[in-house]
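Novice: This is the structure I want to talk about, given as structure tokens.
The values are calculated or read from the model by the stated rules, or taken from the named source; none is laboratory data. Keep in mind that this is a model prediction, so the values were computed, not measured. Heads up, the Cβs are rebuilt from the backbone with ideal geometry, glycines too, and the neighbour counts pull from every protein chain shown.
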Amino acid sequence: MTNLEKYDAAFISVLGLEKGNFSELAYQGVPQWDSIGHMALMAALEEAFGIELDVDDIIDFSSYKGGVEILRKYDVHIEIGIGV
């Protein structure tokens with residue numbers, strides 16, 4: 001499974017989303033991505049990538065695209081398209 005597939009799978013399983021383009025998805029952009037959903041998503045990403053996110057990174061993780069940038073700090077590289 002690629003890093004992109006793992007990343008998308010976390011959003012799909014935790015937030016109950018259907019597979020699709022999440023590039024514009026942001027915190028509270030869907031009802032499921034509330035504070036509780038956010039913590040569950042962070043836990044799922046930590047497990048999927050074998051990392052432990054810093055508290056500041058958890059707070060700053062406010063969008064799908066932004067999460068890609070944050071994960072790069074943990075040597076998790078996700079290619080989601082041009083310009084990201």
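Novice: If I ask for residues that are loosely packed, with under 11 Cβ neighbours inside 10 Å and without any contact (Cβ under 8 Å) to a residue 12 or more places away in the chain, which ones from the stretch 6-24 would you list? Give the steps one after another, and end with the answer.
Specialist: Going residue by residue through the stretch 6-24, those that are loosely packed, with under 11 Cβ neighbours inside 10 Å are 18-21, 24.
GLU18, LYS19, GLY20, ASN21 - these are the residues of the stretch 6-24 that are loosely packed, with under 11 Cβ neighbours inside 10 Å and without any contact (Cβ under 8 Å) to a residue 12 or more places away in the chain.
Novice: If you don't mind, there's one more thing I want to ask. Which of the helices (runs of 4 or more DSSP H) contained wholly in the chain include at least 3 residues that are over 10 Å from the mean Cα position of the chain (by Cα)?
Specialist: Those helices (runs of 4 or more DSSP H) span 3-15, 35-49, 55-60.
Novice: Related question: Let me confirm something: among LYS6, LYS19, LYS65, LYS73, which residue is modelled with pLDDT under 95 and not acidic (Asp, Glu)?
Specialist: After applying the criteria, what remains is LYS19.
Novice: Quick one: ILE78 ticks every box in (1) out of contact with any Gly (no Cβ under 9 Å at 6 or more places or on another chain); (2) hydrophobic (A, V, I, L, M, F, W, C); (3) surrounded by 15 or more Cβ atoms within 10 Å (Cβ to Cβ) except a single one, so which number is it?
Specialist: (1)
Novice: Looking at the stretch 25-53, which of its residues are loosely packed, with under 11 Cβ neighbours inside 10 Å and over 16 Å from ILE78 (Cβ atoms)?
Specialist: Residues satisfying the conditions are PRO31, SER35, ILE36, GLU52.
Novice: Looking at LEU45, LEU53, LEU25 in this structure, which one is touching a strand residue (DSSP E or B) at 6+ places or on another chain (Cβ under 9 Å), of a type in the set (A, V, I, L, M, F, W, C) and at pLDDT 95 or above?
Specialist: Details: LEU45 fails: touching a strand residue (DSSP E or B) at 6+ places or on another chain (Cβ under 9 Å); LEU53 fails: touching a strand residue (DSSP E or B) at 6+ places or on another chain (Cβ under 9 Å).
One residue alone meets the criteria, LEU25.
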